[in-house]
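Notes for the one structure printed next.
Bear in mind these aren't lab numbers, they're just calculated from the coordinates by the rules spelled out. Because the structure is predicted, anything quoted here is derived from the model rather than measured.
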Amino acid sequence: MKTGPSEVTELLLKWSSGDEKARELLVPLVYDELRRLANFYLQSESPGHTLQSTALVHEVYLRLCQQQDPHWDGRAHFFAVAGKIIRQILVDHARRKSAVKRGGKNRSQSLDESITIPAQSDVDLLLLDESLNQLAAFDPRKSQVVEMRFFAGMAAKDIARVLGTTEATVRRDWNLARAWLFRRMHGEES
């Protein structure tokens, strides 16, 4: 059964006000979307990989629940935070894998905006994380746009709402950030 964004937003606002029951009611409403994001990111992993989509979703949810006095501005804000957590978990996992393998081959990467959720799952997450951190150092908003779009699969209108800007600005930031990240991740001067 599909629920509307307003029901999720209402529960998030109640959770922000300290209603633990609202948090419990929220889980089944957002679980499928979080699971879809987790499945997307993990589909390109090798068959013997150690991170499972269910474990990723549960870890995201645990980290969301561990936040002190969460203040949710709505569904878009919730998924923006979830995307940031997904990024942290995936990067940590990639670091652990890299530490074991040392010297593993880099895979090709591409950032595409043709669909709502990220279009490429074969991105070198460690290089992307490093590049996003460098981008954030001089343009935090562009870094946030990429994080919300790439890791949380958010649409431009939702990102604009979270960042308090316009959809046109989000689209412009996305295009400029993608170009900068492409050059950075392919070893070109930026």
P(r) weight above 19 Å for the range 8-87, C-alpha pairs, percent: 34
Rule-of-thumb Rg ratio for the range 124-190 [Cα; 2.2 N^0.38 Å; N residues]: 1.05
Rounded to whole Hz, the Karplus (6.51, -1.76, 1.60) HN-Hα couplings of the range 24-41, x for glycine and proline: 5, 6, 6, 3, x, 7, 10, 4, 4, 5, 5, 5, 4, 4, 4, 4, 4, 5
